[in-house]
Structures are given as C-alpha cells and as structure tokens.
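Have a look at the structure below before the remarks.
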Amino acid sequence: KKTAKKLRDVLLQRDIGLPLLVLLSQVRSKVLYDDGKSKKIIIKLLGFRRDHCHEILGLLVPFLTIPPEDEQEESNILLKYAQLLPGSLKELVEVYKLE
C-alpha cells in the first residue's frame, strides 16, 4: 500500500503522469502503422502491442485518479491530476496528436 501511494505521489507531483499517458496514447495510435523498413511484423504481434498499450492505459488512468479505499484524499488526487492536464481537448489533438 505504501509503495503504491509513493508511486502515485511521484507520478502526480513530478509531472510524470501526464507525459507517460500521452506517450502511451501516441504509441498505441502509431503501433499499427509500421514504417515498413524493419522486418515484416506479424499482424497478431501488432494487435498485441496495441492491446498491451491499451491495457496499461486502462490501469494507469484509474491508478492516478482514484484513491485507495483507506485514503480520504479523493479530491486532492483528482485536483493534482486535473492540474496536469492541458487547457483543452483541442491542444491534446493538435499538439500531442492524440485521437
């Protein structure tokens, strides 16, 4: 429990959480579009990579936004997370190229 709390605090306080989410989202979007210069990649492997990124995002977002049941600082965690987010969805789409 203490380890998870420390990890959450580091990700939120050092502004690491949002860049990590953005990078995972970008990888998830681009993993299907291989440049063709490398070896031929099996379609199942591409699907596995995309699914794996999606699973990690699905675990990381709740981890950053939902406090453990034994902690009563829900609004504090959500406030920290909200402060990491860019000003608008338009910025996420245009600047960070997220879908």
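Quick notes
- The residue of the stretch 1-23 that is modelled with the highest pLDDT, among those that are surrounded by 10 or more Cβ atoms within 10 Å (Cβ to Cβ) and not in a helix (DSSP H, G or I), is 16.
- Flag for residue 42 being modelled with pLDDT under 85, over 30 Å from residue 80 (Cα atoms) and of a type outside the set (Lys, Arg): yes
- Look at the stretch 42-65: where a residue is touching a residue at least 12 places away in the same chain (Cβ under 8 Å) and surrounded by 14 or more Cβ atoms within 10 Å (Cβ to Cβ) and a partner is part of a helix (DSSP H, G or I) and of a type in the set (Val, Ile, Thr), sitting 6+ places away or on another chain with Cβ atoms under 9 Å, you get 49/27; 50/27; 53/27; 64/77; 65/77.
- Top-ranked residue of the stretch 66-88 - restricted to ones that are surrounded by 11 or more Cβ atoms within 10 Å (Cβ to Cβ) and outside any helix (DSSP H, G or I), ranked as modelled with the highest pLDDT: 66
The values are calculated or read from the model by the stated rules, or taken from the named source; none is laboratory data. As the structure is a prediction and not an experimental result, all values here were calculated from the model. Neighbour counts are summed over all protein chains in view; Cβ atoms, including those assigned to glycine, are modelled from backbone coordinates with ideal geometry.
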